[in-house]
1. Dipole size in debye (nearest 20) for the protein assembly as shown around its Cα centre, Lys and Arg Cβ +1, Asp and Glu Cβ -1?
2. Just from its helices, what would the mean residue ellipticity at 222 nm be for chain A, if runs of 4 or more DSSP H residues each count -39500 (n - 2.57) and the sum is divided by every residue, rounded to the nearest 500 deg cm²/dmol?
3. For region B:31-40, what does the Karplus curve 6.51 cos²θ - 1.76 cosθ + 1.60, with θ = phi - 60°, yield as ³J(HN,Hα) per residue in whole Hz, taken in order and with x for Gly and Pro?
4. Take the eigenvalues of the Cα gyration tensor for the protein assembly as shown, scale each by 5, and report the square roots as semi-axes in whole Å, largest first.
5. Evaluate the charge dipole of chain A about its Cα centre and quote only its size in Debye, nearest 20, assuming +1 on the Cβ of each Lys and Arg and -1 on the Cβ of each Asp and Glu.
6. With θ set to phi - 60° and the Karplus curve 6.51 cos²θ - 1.76 cosθ + 1.60, what are the ³J(HN,Hα) couplings of region A:68-83 in order, to the nearest whole Hz, using x for Gly and Pro?
7. Would you kindly find the accessible area of A:Ile75, with a 1.4 Å probe and non-protein molecules such as ligands, DNA and RNA excluded, rounding to the nearest 10 Å²?
8. How far apart, in nm, are the 7 Å Cα→Cβ label points at B:Lys94 and B:Glu127?
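The values are calculated or read from the model by the stated rules, or taken from the named source; none is laboratory data. No experiment lies behind these values; they were computed from the predicted model shown. Cβ coordinates were reconstructed from backbone atoms using ideal geometry, including for glycine residues, and neighbour counts include every protein chain displayed. Just so you know, the surface numbers come from the protein's heavy atoms only, side chains and all, with ligands and any DNA or RNA stripped out. Shrake-Rupley method; radii C 1.70, N 1.55, O 1.52, S 1.80 Å.
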There are 2 protein chains.
Amino acid sequence: MSRDDINSSKKATPQPDYQSLAELRYQIRRFLHFSEQAARQARIEPNQHQFLLALKGLPENMRPTIGILAGRLQIRPNSAVELVNRLSKAGFVKRRRDSDDGREVLLVLTAKGEAVLHELSLHHRAELQTAGPVLMAALQAVLKQARPKLNSGKT
Amino acid sequence: MSRDDINSSKKATPQPDYQSLAELRYQIRRFLHFSEQAARQARIEPNQHQFLLALKGLPENMRPTIGILAGRLQIRPNSAVELVNRLSKAGFVKRRRDSDDGREVLLVLTAKGEAVLHELSLHHRAELQTAGPVLMAALQAVLKQARPKLNSGKT
DNA sequence: TGATATATATCGTAGTACGATATATATATG
DNA sequence: CATATATATATCGTACTACGATATATATCA
């Protein structure tokens, strides 16, 4: 007993708002692109930079193992191994075969790795000063039209 | 007995908050990872999906040319050409050598492309229902500590 | 002890963005 | 109007890296 209008008071708008969705992805890409360039300027590969950040910024309750880091980077454990190979070859991290569990490998930042990460983090924080709000806006635009049910809105 | 405590009321915190920075990137990766898997489930390559979205969601004042799309995807124009090659081979887009400028190529979605994009967009919108707020929170956490100066500010 | 699970490592492969370069069309300039 | 130059796409070979499949080492359980 209801007509399917476009979008007015339905549960979830049937037609997605492509424009806001596209804008969100565009802004995300811009930020990621900035990040990659910043990394290369700092003489480190973007994915290696992300590894360093994931390592240093790991929540305290997590152990810095290959597997955990892989999860944080959303890559397969074997890919993480290869990444660590390149990282240690470049002198950014060290492997520490310690722990109770002899299978695990704990990753540790070297001074060099720490330095690059520090520099890059400051740069990123500065960039986010402007990019952040833009991202927020794009995200909110998507969420606004995505809202599943919302009648009696006041706006 | 040192005063380089955490951060309290400085201009811009000298030490970046690695944890919130890392968390932001983690959440971005989770969303992108979801997106990639969703695309593959829909039988399309993630980058091809992004192209379709960028095309359909292009602001009205922009013409859907290779160059413009390349900019929106943050890739080189020649990479965009190759992407379009794969897209048209797969039947998702068509080239339209029209326009006043004979050098340009205008991209057009096929019905097939439209269909996949529609499906994926709904899926993404649904995902963002939960992922969106998490991203927002992560972003805000970074911005909070990144705020450069905050005296006599208006919020 | 033996069986099985888990963590890391190795290796070959495939996919793709890139730089360098080529071609086509447009525009400027004499 | 002919030529020079700029711009938009296109082509081609290369390099990088994440991946699947598999191997090895250690842990855990029966």
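1. The dipole of the protein assembly as shown has a size of about 100 debye.
2. Values: 5 runs with 92 residues, N = 155.
Estimated from H runs of four or more residues: -20000 deg cm²/dmol.
3. Each residue of region B:31-40 in turn: 5, 5, 5, 4, 4, 5, 5, 4, 4, 5 Hz.
4. Working: eigenvalues 278, 126, 81 Å².
Ellipsoid half-lengths, sorted descending, are 37, 25, 20 Å.
5. Working: 25 positive and 15 negative charges, 31 e Å.
I would put it at about 160 debye.
6. Couplings: 4, 4, 4, x, 5, 9, 6, 10, 6, x, 5, 5, 5, 4, 5, 5 Hz.
7. Approximately 60 Å² for this residue.
8. 3.0 nm
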